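A.B. asks: One structure is given below, represented as structure tokens, and several questions about it will come after.
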Protein chains: 2
Amino acid sequence: MNKSNVNIIARKTKQREAILKVLKTTDSHPTAQWVYEQVRRELPHISLGTVYRDLKLLKQSGEIEELKFCSSQSRFDGNTGKHSHFCCLKCNSVFDIQEPVDDALDKRVAKENHIDIHYHRLEFFGLCRNCR
Amino acid sequence: MNKSNVNIIARKTKQREAILKVLKTTDSHPTAQWVYEQVRRELPHISLGTVYRDLKLLKQSGEIEELKFCSSQSRFDGNTGKHSHFCCLKCNSVFDIQEPVDDALDKRVAKENHIDIHYHRLEFFGLCRNCR
DNA sequence: TTAGGTGCAAAACCTTTGCCATCCC
DNA sequence: GGGATGGCAAAGGTTTTGCACCTAA
């Protein structure tokens, strides 16, 4: 993606490791608060401020993604493989959609609009299996 | 879109008319604060709370859309015609991309995942003309 | 007339930050 | 050792809400 992403994180700490592990072992696209609660089971003295700081660092280094659609709070995704998301308009749950991303689209739209496009996101909205 | 959207708004008020007019006459995808400042030129005593309340009602009735990507605050879009958005990763500006929306995609993804899809959004991220 | 809407201000909510102690390289 | 990081708590920014008054229908 971007060379400037490299080496933003200088040290390996148990807090950041634990946060990343939580995100890599769930596909629930959790909020910072939920990550905090999970990590606290392993590191009871971690603070919410640290969770936010480390989430920001992990995002900048490209290891996780921040999702902002659906609900007022950010959600974080440890799956950096290319995929799309679905958000239920009723229960606000978010889950992955394995829809291949069309990179040719980025090139065409970039050319047409005279801009640089790094990536795009495709998000579906509707009703999930439980709410339909 | 959804029949339940109809008749959420019971009365026509000058505040809501003015808010809608601001959104319909700009393509800048403004924040609530910016809408507030604009409307105040016409209705100096309107409150920010009213702006938020009316933006929510207008969204529920389908007259405007709320955009959450890029930056911590919501942006509002009075253009409900189908289109996509671009967000500059450097200056955070948002503008429209006239890329036709593929409705067949919704049907296929809905079928594959056993969910109801009402619509999708396509968002591009990169560097705008000024920042590239 | 009256239910819905507004203005105001306080509260709620999410996220960031300052400070100092602690830890990693 | 020294700079990066964390814990804690306070601050900051955005959005929501309670309440009394107002107004469109």
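The values are calculated or read from the model by the stated rules, or taken from the named source; none is laboratory data. These numbers were taken from a predicted model, which means no experiment stands behind them. Here the Cβ is made from the backbone with ideal geometry for all residues, glycine too, and neighbour counts use every protein chain on show.
A.B. asks: Would you please name the residue that is farthest from DNA strand C (Cβ to nearest atom), looking only at residues in the range B:19-34 that are buried (at least 16 other Cβ atoms within 10 Å of the Cβ) and under 19 Å from B:Ile8 (Cβ atoms)?
C.D. replies: B:Leu23
A.B. asks: Of the residues A:Val109, A:Val101, which single one is within 13 Å of chain B (Cβ to nearest Cβ), surrounded by 18 or more Cβ atoms within 10 Å (Cβ to Cβ) and closer than 30 Å to B:Glu99 by Cα?
C.D. replies: Details: A:Val101 fails: surrounded by 18 or more Cβ atoms within 10 Å (Cβ to Cβ).
Answer to the selection: A:Val109.
A.B. asks: Name the one entry in A:Ser84, A:Ser72 that is polar (S, T, N, Q), within 12 Å of chain B (Cβ to nearest Cβ) and exposed (fewer than 13 other Cβ atoms within 10 Å of the Cβ).
C.D. replies: The unique qualifying residue is A:Ser72.
A.B. asks: To continue, here is another question. Which one of the conditions (1) under 14 Å from the mean Cα position of the chain (by Cα); (2) more than 16 Å from DNA strand D (Cβ to nearest atom); (3) touching a residue at least 12 places away in the same chain (Cβ under 8 Å) does A:Trp34 fail to meet, given that it meets all the rest?
C.D. replies: The one condition A:Trp34 does not meet is (3).
Table: residues versus (1) under 22 Å from A:Lys68 (Cα atoms); (2) touching a residue at least 24 places away in the same chain (Cβ under 8 Å); (3) surrounded by 17 or more Cβ atoms within 10 Å (Cβ to Cβ).
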residue: B:Gln60; (1), (2), (3): yes, yes, no
residue: B:Ser93; (1), (2), (3): yes, yes, no
residue: B:Leu105; (1), (2), (3): no, no, no
residue: B:Glu123; (1), (2), (3): yes, yes, yes
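A.B. asks: Read through the list (1) more than 7 Å from chain B (Cβ to nearest Cβ); (2) under 17 Å from the mean Cα position of the chain (by Cα), then give the number of the only condition that A:Asn130 fails.
C.D. replies: Unmet condition: (2).
A.B. asks: Next question. Take the range A:1-16 and flag every residue that is modelled with pLDDT of 90 or more, part of a helix (DSSP H, G or I) and farther than 18 Å from A:Arg75 by Cα.
C.D. replies: Once the filter is applied, which keeps residues that are modelled with pLDDT of 90 or more, part of a helix (DSSP H, G or I) and farther than 18 Å from A:Arg75 by Cα, the range A:1-16 yields A:Lys14, A:Gln15.
A.B. asks: Tell me, which strands (runs of 3 or more DSSP E) wholly within the range B:28-132 include 1 or more residues that are under 23 Å from A:Cys88 (Cα atoms) and of a type in the set (Val, Ile, Thr)?
C.D. replies: B:116-127
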